[in-house]
Structures are given as C-alpha cells and as structure tokens.
Amino acid sequence: MITLTEDEKRMVFQLEGCRRYDAVQEIAMLCRYTHDHDKRATAENLLKKLRELSEDDCKELICGIQRNYRLPWKARTVGEMIAVARQESGARKLEGHDIMALERFDPEVTHMIVFDVLSDEASIGDKGDRMRLFLTEAGYKKALENQDKAFIQILNHAKVVQGHLQYDRIDKNL
C-alpha cells in the first residue's frame with residue numbers, strides 16, 4: 001500500500017467519489033486550474049500514487065481516508081466543511097452525478113433519481129452501489145424499465161426545473 005503525506009490525505013478527504021477514475025479526474029482538474037504552486041505539486045504527486053493502484057485498492061484507500069481522517073484544525077474551506085459534515089452524518093456516499101453536477105443544469109434534463117443497483121445486469125453502476133443520476137425524459141423511462149426488470153430500485157425522485165429540484169418525497173435515509 002502507498003503512503004500519503006498529510007496534504008495528500010486532506011486532498012483525498014475532500015474528494016467527491018471513491019472510484020479511481022472520478023478521483024483522478026477531480027484531482028486533474030485541480031491541477032489544471034489552481035494557481036497555488038504547492039497545491040498543484042501535491043495534486044500531481046497524489047495523481048501519480050493513485051494511478052499506480054488497482055481500482056479496488058484505490059477505492060479502499062479513498063473510502064478509508066474519507067471515513068477515518070480527522071482534520072488537524074477546524075474546517076476552513078467549503079470542501080473541508082462538506083467532507084466533515086458527510087463524515088459526521090455517516091451518510092452513504094452516492095456514486096454517479098454529484099448533487100451540483102453540470103448535468104443538473106442541462107435544459108434537456110427533467111429528472112433526478114437516487115437508486116440502488118440490485119443486479120450485475122444493470123446498464124449503469126455495480127451491484128450494491130447507491131447512485132444519483134440526472135436524466136432526460138428518455139433516460140428516466142429507461143430507468144423505470146430497469147426497475148421493472150429488478151435491475152435497480154429507485155429510492156427517491158425529483159423533477160428538475162431549470163436546475164431546481166422538486167422532490168416527490170423527501171427520504172432522510174438517503
């Protein structure tokens with residue numbers, strides 16, 4: 001297993017997802033847009049380390065840090081505050097789209113669903129994943145078909161109107 005510096009752990013702690021691809025993409029974007037030389041160097045070193053890991057080892061590392069890491073100070077950035085709140089609530093991380101994903105604001109997108117993947121035959125996600133997706137009307141129909149086939153179980157649905165979510169019901173357990 002690899003060893004991470006304190007700065008690298010703090011960066012991993014704030015990542016949205018646990019999958020290697022998502023983590024690498026998020027860190028690569030940070031490298032591209034940050035003006036902070038030290039932060040860029042940390043991100044580049046972290047990218048090298050994560051790319052050496054298998055998908056399973058990377059997911060285990062990221063999830064372990066997100067579950068067990070403690071900031072050495074009070075949360076100062078929005079990313080740190082969100083990560084601390086997620087950790088303290090014990091809320092399960094969702095795969096798929098982030099709550100503020102750009103897909104949410106696409107004029108064609110009319111639905112947001114949270115669902116559990118029940119079968120390896122599901123067209124998206126792995127069995128056991130809990131996911132959030134922003135969908136067009138056609139995508140939502142396909143999701144309902146997958147639910148009818150028992151490939152997924154939709155837990156929550158919201159209509160999306162100009163990026164705003166109008167929930168059918170609010171389930172606090174998600």
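Quick note: the coordinates plus some simple rules give every number you see, no bench work behind them. Computed from a prediction, not measured in an experiment: that's the story for all the values here. Reconstructed Cβ throughout: ideal geometry from the backbone, glycine too, with neighbour counts over all protein chains shown.
Dipole of region 1-84, Cα-centred, from +1 at each Lys and Arg C-beta and -1 at each Asp and Glu C-beta, to the nearest 20 debye? Don't jump to the answer; show the numbers that get you there.
Working: 15 positive and 15 negative charges, 41 e Å.
Dipole magnitude for region 1-84 comes out near 200 debye.
Between Phe105 and Glu145, take the C-beta separation as r, use R0 = 35 Å, and let me know the FRET efficiency to the nearest 0.05.
Numbers: r = 26 Å, r/R0 = 0.74.
That pair, Phe105 with Glu145, gives E of 0.85.
Please report, in cubic angstrom per residue, the volume enclosed by the convex hull of the alpha-carbon atoms of region 95-167.
Working: hull volume 5.1 nm³, N = 73.
Taking the convex hull of the Cα positions in region 95-167, it is 70 Å³ per residue.
Give me, ordered by chain and number, the residues 5 or more places off Ile152 or on other chains with an amide H under 5 Å from its own placed amide H.
For Ile152, whose amide H was placed from the backbone, the distant partners under 5 Å are Leu118, Gln147.
Quote the relative contact order of the chain in percent (integer), defining contacts as alpha-carbon pairs under 8 Å separated by 6+ residues.
On the way: 223 pairs, mean separation 30.8, N = 174.
Relative contact order for the chain comes out at 18 percent.
How far is helix 137-148 tilted, in degrees, relative to the longest principal axis of the Cα atoms in the chain, given as a value from 0 to 90 rounded to the nearest 10?
For 137-148 against the chain, the angle is about 80 degrees.
Under a no-solvent Debye model with one identical scatterer per Cα of region 17-86, what's log10 I(q)/I(0) at q = 0.13, 0.23 Å⁻¹?
After summing over all Cα pairs, the log10 values are -0.40, -1.19.
Taking a quarter of the surface of the convex hull around the Cα atoms of the chain, what do you get in nm²?
For the chain, averaging the hull's shadow over all directions gives 11.1 nm².
Give the long-range amide H neighbours of Leu53: residues separated by 5 or more places, or on another chain, with amide H under 5 Å away, using H modelled in the peptide plane at 1.01 Å from N.
Sorted by chain and number, the residues that satisfy this come to none at all.
Relative to the longest principal axis of the C-alpha atoms of the chain, give the angle of the C-alpha long axis of helix 55-68, reported between 0 and 90° and rounded to the nearest 10°.
Helix 55-68 sits at roughly 80 degrees to that axis.
Which net charge results for the neighbourhood of Ala75, defined as the other residues with beta-carbon distances under 14 angstrom from its beta-carbon, given Lys and Arg at +1 and Asp and Glu at -1?
Spelling it out: positives minus negatives among the neighbours equals +3.
How high is the FRET efficiency between Arg51 and Asp120 when r is their beta carbon distance and R₀ equals 35 Å, given to the nearest 0.05?
Working: r = 27 Å, r/R0 = 0.76.
The pair Arg51/Asp120 has a calculated efficiency of 0.85.
What does the helix-only formula give at 222 nm for the chain: each DSSP H stretch with n ≥ 4 adding -39500 (n - 2.57), the total divided by the residues, and the result rounded to the nearest 500 deg cm²/dmol? Intermediate values should be presented prior to the final figure.
Details: 6 runs with 76 residues, N = 174.
Counting only the DSSP helices, I get -14000 deg cm²/dmol.
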